[in-house]
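The structure under discussion appears below in the form of structure tokens.
Read-outs throughout are calculated quantities, based only on the coordinates presented, and are distinct from any laboratory measurement. Since the model is a prediction, treat every value here as computed from it, not as a measurement. Cβ coordinates were reconstructed from backbone atoms using ideal geometry, including for glycine residues, and neighbour counts include every protein chain displayed.
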Amino acid sequence: MWREPWPSSNRMPFTKKRKLQLSPEQCSDFYADQYGKFFFPSLTAFMSSGPIIALTLARNNAIAHWKSIIGPVNSTKARETHPECLRAKYGTSDLKNALHGSESFHAAEREIKFMFPNSVIEPFPSREGIEEYLSRYVNPTLLHGLTELCKHKPHNPCVWLADWLMKNSPNKPKICDGVTVEEAE
């Protein structure tokens, strides 16, 4: 979560962005794992004092990458040890450290569902799964399309191939004389 305006110089590939203001009760629920700690009342009061911007980041090792960008939790320590990190630049105290980062994948799932209740979190496919999908579905279609492209030799090959792919998408059922024909796998 970002408590201040997002700096334009730090663009990130976020998949979701939402500006909202949490109530003290919502902050208590979000930071339930901190309940009972001496700073809990101040944390919930501060986090509910104004709007926040909730973001999701999608990339390989997203949690570790985000943590390296935001820096240590303690803004004072961050200024000493990681002066270029976001908390060093924008944090004003331990409590007001400017950003939140999930501690683990499990925490990120919970926090994303909290901030974006209608989200569906799907697992990232494995390298083997991606390779199988490409070899089974994408490569044969592209090979067929590129072969047809070579046969036709159109004036604008990119537009021709795009049109061919739209007409020959393996994800669309074929319609013949008003009857949908499902192809067997």
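Summed over segment 143-158, residues that are without any contact (Cβ under 8 Å) to a residue 12 or more places away in the chain and either touching a strand residue (DSSP E or B) at 6+ places or on another chain (Cβ under 9 Å) or assigned to a helix (DSSP H, G or I) (or both) total 7. Looking at segment 30-117, the helices (runs of 4 or more DSSP H) lying wholly inside it that each contain 2 or more residues that are more than 15 Å from the chain's Cα centre (by Cα) and more than 17 Å from Thr15 (Cβ to Cβ) sit at 40-47, 62-70, 75-81, 86-90. Of the residues making up segment 68-122, just one is over 19 Å from Ile52 (Cα atoms), touching a helix residue (DSSP H, G or I) at 6+ places or on another chain (Cβ under 7 Å), surrounded by fewer than 16 Cβ atoms within 10 Å (Cβ to Cβ) and aliphatic (A, V, I, L, M), namely Ile121. Taking each residue of segment 55-71 that is within 17 Å of Thr81 (Cβ to Cβ) and looking for partners that are of a type in the set (A, V, I, L, M) with beta-carbon atoms closer than 7 Å, six or more apart or interchain, yields Ile69/Leu86; Ile70/Leu86; Ile70/Leu99; Gly71/Ala78; Gly71/Leu86; Gly71/Ala88.
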